[in-house]
Amino acid sequence: MALITTSESGQHITALNTAAHHMGFRPGMTLADARAIHPALQTAHADPAGDDRALIGLALWCQSYSPFTRSDPPDGISLDITGCAHLFGGEAGMMEKMSRRLSGFGLSARLAIAPTIGAAWGLARHAPDPCHISHQQELHADLAPLPVAALRLSPETCQALEKLGLKRAGDLMDKPRAPLAARFGPRLLRRLDTAMGHEEESFIPLGPPVSHVAECRFAEPVITRKGIEIAVERLTHDLADMLEKAGKGARRLELRLFRIDGWFETLPLATSTATRDPRHLCHLLCERLDRIEQRAGFGFEAARLSAVLIEDKPAQQEDMDGPMHGSGRDDIAPLLDRLVSRFGPDHVTRPLPCPSHIPERAFRFVSVLEKIGTPDWPAHARIVQDGADFARPLLLFAPPEPITAIAEAPDSPPARFEWRREPHRVTRAEGPERIAPEWWRVHEGASRTTRDYYRVEDEAGHRFWLFRDGLYDRAGDAPRWFIHGIFA
Amino acid sequence: MSAPGSIESLRHRIAIQERLSPSRRPVLSLGEMNMAFADGGLSTGALHEIVPARSGDLAAGIGFATCLLASIAGLRPGFTLWVLPMDRKFRDGTPCPNGLTALGLDPARLIRVEARKGTDILWALEEGLAHPALSAVIGVLPGRDRSYDFTASRRLAMRAARQGVTALILRDKTHPAMSTAAETRWSVAAMPGVPAQHAGPVGTPRWRLELTKCRKGTPGKWEVEWDHETLSFRFPAPLADRTPAWAHGSYNSRWAKAS
């Protein structure tokens with residue numbers, strides 16, 4: 001079995017399974033060469049993006065061992081296990097547990113623990129044994145026999161070094177540094193120094209570290225919804241206590257459930273105001289457990305609730321008879337959160353006035369998660385509508401719908417019009433209200449013509465807002481009629 | 001015990017048995033239309049249905065609902081939850097905040113929820129009704145949706161009564177559920193406006209309202225105009241028939257008989 005990629009120079013093998021490796025196939029071979037060796041070779045197309053995703057997924061799963069993990073494409077994962085190992089019975093115990101779990105997923109993993117990132121990288125890939133632990137004293141001895149490729153060098157540099165007879169990392173360590181730097185650039189020496197611990201290297205984990213995290217591990221895998229709910233309840237209480245002590249409230253949270261087979265499920269949650277009410281949070285999370293419950297598989301082994309985004313929230317004296325019923329924004333926050341968690345933040349919105357005379361641009365619906373204060377709509381109407389009371393319709397069509405209209409004179413309101421195949425005879429008309437285009441807007445799709453708006457009423461008493469797009473006496477305008485809204 | 005007192009106590013007992021809140025909620029004064037209600041006005045903390053009379057009367061229905069919401073917000077300040085189906089946005093248009101301001105409802109206290117299905121809309125309405133900080137909720141039902149039935153309306157009505165939040169439902173005339181637990185049902189049709197001096201030739205909103213169902217009162221018909229300044233309905237006197245008497249067919253026939 002082999003994975004192949006298609007490039008300009010033909011189809012090449014990128015990865016092989018053990019059986020294929022034993023038969024003499026090697027990565028980089030063309031598919032034609034491989035077929036010549038063994039015609040029955042099974043092939044599939046490589047999916048590098050999918051590999052990356054799976055690697056990131058696995059790196060996140062590894063967060064059950066340490067909060068700081070990252071993926072090292074194409075084939076590795078790094079963990080910063082400082083202060084974590086003792087939870088799993090020391091470094092050896094931790095490695096043994098991980099190795100067993102990973103082989104349980106059907107992965108053949110090589111593990112190494114070392115004092116530096118570079119050394120761990122090299123040992124994991126090139127050490128003679130699949131599980132290797134190296135300490136500061138043994139670092140030199142452990143690294144020296146490894147090939148130069150173990151120093152995270154580019155293939156070209158490795159080839160050049162091998163041509164010079166520098167095949168082992170140890171060969172480089174003893175050499176004078178200046179000629180190496182002159183010939184291969186400063187990168188080679190930096191790799192060597194970081195691997196040996198002479199130079200610092202920072203570890204950039206997946207996602208920003210979060211300060212408020214509540215975790216729990218289950219003695220037995222949890223499959224049922226009830227079980228998950230109990231865990232969520234405990235986590236929200238723990239997190240709320242933490243936030244309370246810090247005087248913070250959470251705006252965004254993330255519940256992560258680690259499945260026993262190396263997968264995990266994430267449930268993001270956003271709230272409209274900073275909150276640390278455990279009951280409220282628990283309610284919000286439990287409402288959305290459906291999807292997670294369906295994917296429980298063989299069960300979850302651990303759960304973690306982290307506050308991804310926090311804001312200051314000073315401690316409050318709870319009212320003696322329970323929370324007070326006022327009409328402030330904070331009071332409806334729990335309701336907004338429940339609506340947002342069910343319909344999504346973009347579908348629970350509040351209107352926001354915008355400074356524009358173009359009717360469809362005069363307002364915007366923004367998510368309730370955004371803080372917009374209390375806009376002054378009457379003032380907005382005074383500016384945009386010039387004080388007229390019923391200048392804007394109750395229902396607005398976006399975009400405006402084209403109609404066919406017949407007017408008595410070119411620049412008079414229509415006498416009849418047809419909209420959605422229904423004829424309307426205009427009995428009264430009012431206007432025009434002329435709205436000029438915003439010439440300073442240069443982007444595509446912005447209206448470029450002057451609109452003349454009319455309020456018209458038909459025989460049945462329905463009131464419409466029609467406009468003529470363009471002027472008759474202006475060269476280059478081809479006036480057309482549209483309906484933009486309906487009045488009450 | 002006097003007769004009015006016993007009626008009062010009976011009402012109290014009925015309210016308890018119907019699990020409605022025994023404490024009287026404030027009623028909304030609708031001018032002349034108050035005559036139709038036993039309580040002397042439209043009750044808040046109850047479920048009311050609004051049905052556009054014709055297919056083109058949706059804006060009139062929404063307009064009437066907006067007027068009620070504006071009046072309710074005067075009695076009970078708070079946010080208004082407006083739940084509408086997502087897929088009808090392009091067909092019906094979106095509520096325009098400036099248009100709502102014109103009718104007297106402050107868009108700053110409006111929360112719009114777009115839901116996909118009828119069941120989602122009802123869920124959002126129930127959530128809103130359970131919340132005491134709200135003034136009212138309004139749900140626009142999708143055209144062909146059977147999730148709103150007697151049970152659903154009963155749930156809404158009970159929740160409305162519990163917290164005193166008023167619920168309005170805007171439904172199509174073709175909607176199958178005719179038997180619901182709503183307190184009132186209004187049929188709204190647009191009428192040609194009367195040109196006034198301060199307004200232009202198109203005039204202020206004017207509707208023909210028909211109270212087709214009223215649990216505590218008698219149905220009726222009115223022609224109303226909305227006065228957004230005082231947040232009240234006006235009842236313009238019908239225009240006098242100034243046609244000369246001889247132009248009427250009946251007069252002619254009598255004339256013919258007499259001659």
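Nothing in this text is a laboratory measurement; each read-out follows from the coordinates by a stated rule. Just so it is clear, the model here is predicted, and its values are computed rather than measured. Backbone-built Cβ (ideal geometry, glycine too); neighbour counts: all protein chains shown.
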Net charge, A:GLU254 excluded, C-beta distance under 14 Å - Lys, Arg +1, Asp, Glu -1: +3
Segment A:68-85 versus segment A:119-184: alpha-carbon centroid distance in Å: 21
Computed lengthening from A:HIS38 to A:GLU138, 0.36 nm per intervening residue step minus Cα-Cα distance: 31.5 nm
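Take every residue in peptide B:100-106, count the Cβ atoms of other chains within 10 Å of its Cβ, and give the average of those counts. Working shown, then result.
On the way: counts 5, 10, 11, 5, 0, 1, 5.
If you average over the peptide's residues, the count of other-chain Cβ atoms is 5.
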Size of charge dipole - chain A - debye, nearest 20, with Cβ of Lys, Arg +1 and Asp, Glu -1, no other charges: 860
Centroid-to-centroid separation of segment A:3-65 and segment A:381-458 [C-alpha atoms, Å]: 62
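Ranking request for peptides A:272-279, A:75-82, A:416-423: highest mean number of other beta-carbon atoms within 10 Å first, then the rest in descending order.
Ranking, from highest mean packing down: A:272-279, A:75-82, A:416-423.
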0 to 90° range, to nearest 10: angle between helix A:117-126 axis and chain A longest Cα axis: 60
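Could you tell me which of the pairs A:LYS245/A:LYS313; A:LYS313/A:LYS371; A:LYS226/B:LYS117; B:LYS173/B:LYS213 are separated by over 18 angstrom between their Cα atoms in the structure shown?
On the way: A:LYS245/A:LYS313 11 Å; A:LYS313/A:LYS371 15 Å; A:LYS226/B:LYS117 28 Å; B:LYS173/B:LYS213 14 Å.
Flagged as over cut-off: A:LYS226/B:LYS117.
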Efficiency of FRET between A:LYS97 and A:ILE223 - r from beta-carbon atoms, R0 30 angstrom, step 0.05: 0.85
DSSP-defined antiparallel bridges as percent of all bridges, the protein assembly as shown, nearest 5: 75
Approximate spin-label separation A:ASP346-A:ARG416, in nm, with each point projected 7 Å along Cα-to-Cβ: 4.3
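Round to the nearest 0.05 the FRET efficiency obtained for B:ARG54 and A:ILE230 when R0 = 56 Å and r is the Cβ-Cβ distance.
Working: r = 55 Å, r/R0 = 0.98.
Once rounded, the FRET efficiency stands at 0.55.
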Paramagnetic reach from B:ARG88 (point 7 Å along Cα→Cβ, amide N under 20 Å) across segment A:453-471: A:462-465
Under 25 Å from the Cα of A:LYS163 - lysines, other chains or at least 8 residues apart: A:LYS175
Förster radius 60 Å - calculated FRET efficiency between A:ARG364 and B:ILE7 (Cβ-Cβ, nearest 0.05): 0.70
Extension reserve of the A:PHE105-A:MET173 stretch, reckoned as 0.36 nm per residue once the Cα distance is removed: 20.6 nm
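Just from its helices, what would the mean residue ellipticity at 222 nm be for chain A, if runs of 4 or more DSSP H residues each count -39500 (n - 2.57) and the sum is divided by every residue, rounded to the nearest 500 deg cm²/dmol? Each step should come with its number before you reach the end.
Working: 15 runs with 151 residues, N = 488.
Computed mean residue ellipticity for chain A: -9000 deg cm²/dmol.
Across peptide A:460-466, how many C-beta atoms of other chains are within 10 Å of each residue C-beta, on average?
Values: counts 7, 12, 10, 10, 3, 2, 0.
Mean partner-chain Cβ count within 10 Å for A:460-466: 6.
Assuming a ≥ b ≥ c are the square roots of the Cα gyration tensor eigenvalues, decide whether segment A:397-445 counts as rounded (a/c under 1.5), prolate (otherwise, with a/b larger than b/c) or oblate. The partial results should precede the final answer.
Numbers: a/c = 2.86, a/b = 1.62, b/c = 1.76.
The shape class here is oblate.
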Rounded tilt (10° steps) of A:278-287 against the dominant C-alpha axis of chain A: 90
Test item: A:354-363 mean partner chain Cβ contacts at 10 Å: 1
Chain A: angle of helix A:90-104 to the longest principal axis, Cα-based, in degrees nearest 10: 70
Ranked packing of A:247-255, B:54-62, most packed first, by mean Cβ within 10 Å: B:54-62, A:247-255
Share, in percent, of DSSP beta bridges within segment A:2-46 that are antiparallel, nearest 5: 70
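Test of understanding: what is the full-extension gain from A:ILE406 to A:HIS45, defined as 0.36 nm times their sequence separation minus their Cα-Cα distance? Let's see the in-between values first.
Numbers: separation 361, 0.36 × 361 = 129.96 nm, distance 6.24 nm.
Computed gain between A:ILE406 and A:HIS45 is 123.7 nm.
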